[in-house]
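For reference, the structure discussed in these notes is given below.
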Amino acid sequence: MEGGARNGTGSYRVTRRYAGVMATSADLYAAILADPDDLDLRWRYADAIEATDPERAELIRLYLARSYGTRESVYLHRRIRPRLAEPVTHLLNTWQLRNGLIESVTMTARTFVDHGEEVWAHHPVRHLVLVEAAGLMTEVAQVACLNRLVALDLSGNPIGDGGLATLVDSPHLGGLRWLGLAGCGIGAAGAEALAATRNLPALRYVDLSDNLVQVTAQGYGQHIDGSPVWVEMPALGQELIARYGPLPWLDEQWGWRLLGVVRWDEV
């Protein structure tokens with residue numbers, strides 16, 4: 001059941017009440033870490049921390065109610081941001097909230113290899129951006145908390161075909177839906193390794209722009225709204241489909257996207 005109440009400043013606060021067994025805030029947060037997709041747990045967690053951390057509770061509710069673009073939510077976020085990433089702030093280059101909690105982080109690849117489990121023990125991270133990853137893909141591919149991701153962005157890291165082949169051999173990427181490989185020095189061999197792997201059964205979208213070859217559907221021309229006039233599948237993409245069968249990330253639908261932009265949380 002949902003309801004609304006005005007806080008002390010007169011602003012609108014979204015609340016939700018639940019029937020059933022009471023759980024502690026620690027229990028609820030542990031449940032969120034185990035099941036980040038259950039947003040009801042986040043509503044309950046906000047209720048549970050209302051007395052001890054009302055500002056964080058309100059911020060979570062505003063995100064869940066899709067009211068995070070308001071002036072109130074922006075000011076609230078700025079006010080409490082320095083403590084939201086604790087106790088692993090020092091391990092992160094940057095981070096972003098989604099659905100009220102930290103779901104997107106940027107880290108160096110070395111920090112991820114050495115301390116990734118610490119970050120995932122405190123935050124329900126679904127989207128990881130790695131920097132300084134060249135030469136470390138063997139170690140990255142072995143990190144078990146990759147299995148918590150739906151999106152991995154390696155854009156700008158010159159990992160090359162060998163690095164990509166090593167990554168897709170990882171047994172920990174079964175839940176990955178979005179993969180960013182823009183400007184990674186990927187050629188035909190890397191594209192084929194990606195198409196041939198059976199370790200990414202959930203993969204739906206791959207950004208392979210600015211690489212050595214064109215693989216995915218390309219939009220050409222531009223309507224007034226930014227959408228392409230027509231879409232073509234490059235010859236290499238056609239060859240991979242013929243060789244390995246239909247692959248969601250090679251679908252022409254992605255070429256028709258407005259301005260070609262597909263965010264990690266859209267797939």
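Points worth noting:
- Among (1) out of contact with any His (no Cβ under 6 Å at 6 or more places or on another chain); (2) surrounded by 19 or more Cβ atoms within 10 Å (Cβ to Cβ); (3) assigned to a strand (DSSP E or B); (4) of a type in the set (Ser, Thr, Tyr), the one test that THR106 misses: (2)
- Selected residue [of a type in the set (Val, Ile, Thr), at pLDDT 95 or above, over 24 Å from TYR63 (Cα atoms) and in contact with a strand residue (DSSP E or B) (Cβ under 8 Å, 6 or more places away or on another chain)] from THR108, THR94: THR108
- GLY156, sole failed condition from (1) in contact with a Gly (Cβ under 6 Å, 6 or more places away or on another chain); (2) in a helix (DSSP H, G or I): (2)
- Residue in region 124-134 that is within 27 Å of ALA31 (Cβ to Cβ) and free of Cβ contacts under 8 Å to residues at least 24 places away in the same chain present: no
- Scanning region 196-249 for residues that are basic (Lys, Arg) and closer than 22 Å to GLY180 by Cβ, we see that the one that is surrounded by the fewest Cβ atoms within 10 Å (Cβ to Cβ) is ARG198.
- For region 218-251, a tally of residues being modelled with pLDDT under 95 and either part of a helix (DSSP H, G or I) or among the hydroxyl-bearing types (Ser, Thr, Tyr) (or both) returns 2.
- Candidates ALA182, ALA134 - the one that is assigned to a loop (DSSP other than H, G, I, E, B), touching a strand residue (DSSP E or B) at 6+ places or on another chain (Cβ under 6 Å) and surrounded by fewer than 18 Cβ atoms within 10 Å (Cβ to Cβ): ALA182
- Options GLY116, GLY69: the member that is closer than 26 Å to ASP153 by Cα and either in a helix (DSSP H, G or I) or more than 22 Å from the chain's Cα centre (by Cα) (or both): GLY116
The values are calculated or read from the model by the stated rules, or taken from the named source; none is laboratory data. The shown structure was predicted, so the numbers you read here are calculated from the model rather than taken from an experiment. We place every Cβ from the backbone using ideal geometry, glycine too, and count neighbours over all the protein chains shown.
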